[in-house]
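No lab work stands behind these numbers, since they all come straight from the coordinates. Just so it is clear, the model here is predicted, and its values are computed rather than measured. Here the Cβ positions follow ideal geometry from the backbone for every residue, glycine too, while neighbour counts run over all protein chains shown.
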Amino acid sequence: MIHETIQPVDLTEAAPQITADARVNDADLEISAQARSMRDLDWVLDRLIERDPVRRGGLLDIGCGMGALTAHIAGRLGLAELTGVDLDSERLKGAAARGIRPLLLDLNADTLPLASGSQRVVTCFGVLAYLNLYDNVLEESARVLEGGGWLVLSMPNLASYANRLALFLGYQPQAVAVSRHRQAGMRGKRRDPKTSANMPPLLHSATLRCMREVLDAYGFDVEVVRGFAPGERRRLLDRLTSRIPGLSRRFLILARKRPVA
């Protein structure tokens, strides 16, 4: 069942404001690990532009928050038909102010009210780790993308060096929460209080090998992978493992939908 849909904005009038509204502010940084790693996102977008210079079609951001990354990506790729999906109506108001058509949906179960093959690019940053399973989002992403369209996603890495060390020492890995109220069993139990206060607990993450396999099953070819850790000040191990995405704290994936024969 599709929940209440917030009234879409007029994209014709909103499009000229996209670039001006694409600046990431403090509120965006508080809720998005990807917003704290813009240089890594831009590196992947550069690879997308190299492979596909087409400047047409729609952009769908799954878990758009207040739309800063949606607007930034639209400006980089030259796309003006923007749609953002989220479960937080207040954040969607911010997305609408940035010229994004807002949709209030439960990504665990709801289908997207978009025509099949109607989107050129789908983005999904960190959202999968909050869902029960990944199937609905990946199936719907594949459905709404045109043949040869692009999926850009990022998420915590279950097999990161930090999680491997935590498990070796008997601690609970990050992004595998068992309680809404406490970080049970996790080493250190320290996070940015502003970030944790604004987000629900992460339910689970996946390894890079797992994501390659599941994306292939839904008709995607992985073309680029980028390891990263959020923030500008990174530990030495974070800088080193960013070159080995299978060990990095998070990874960015650029995948292309296989054209239907």
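Take the chain, connect every pair of alpha-carbon atoms lying under 10 Å apart with a spring to form a Gaussian network, then pick out the residue of L131, L236, L69 with the largest mean-square fluctuation.
L236
For region 11-257, with only Lys/Arg (+1) and Asp/Glu (-1) charged at the beta-carbon, what is the dipole magnitude about the Cα centre, in debye rounded to 20?
In debye, rounded to 20, region 11-257 gives about 1140.
Enumerate by residue number the trypsin sites (Lys or Arg not before Pro) in region 31-134 meeting two conditions: DSSP loop (anything except H, G, I, E, B), and at most 15 other Cβ atoms within 10 Å of the site's Cβ.
R55, R56
Can you work out the FRET efficiency for the pair I49 and D216, with r the C-beta to C-beta distance and R0 = 41 Å, to the nearest 0.05?
Working from the Cβ atoms, E equals 0.95.
Over the Cα atoms of the chain, what is the Rg over Rh ratio if Rh follows Kirkwood?
Working: Rg = 17.6 Å, Rh = 18.6 Å.
In the chain, Rg relative to Rh is 0.95.
Over region 65-182, how many percent of alpha carbon pairs lie in each 10 Å bin up to the one with the longest distance?
Bin by bin from 0 Å, the calculated values are 12, 37, 31, 16, 4.
Using only the Cα atoms of region 26-91, build the gyration tensor, take square roots of its eigenvalues as a ≥ b ≥ c, and label the shape rounded, prolate or oblate: rounded if a/c is under 1.5, else prolate if a/b is larger than b/c, else oblate.
It is oblate, given that a/c is not under 1.5 and a/b is not larger than b/c.
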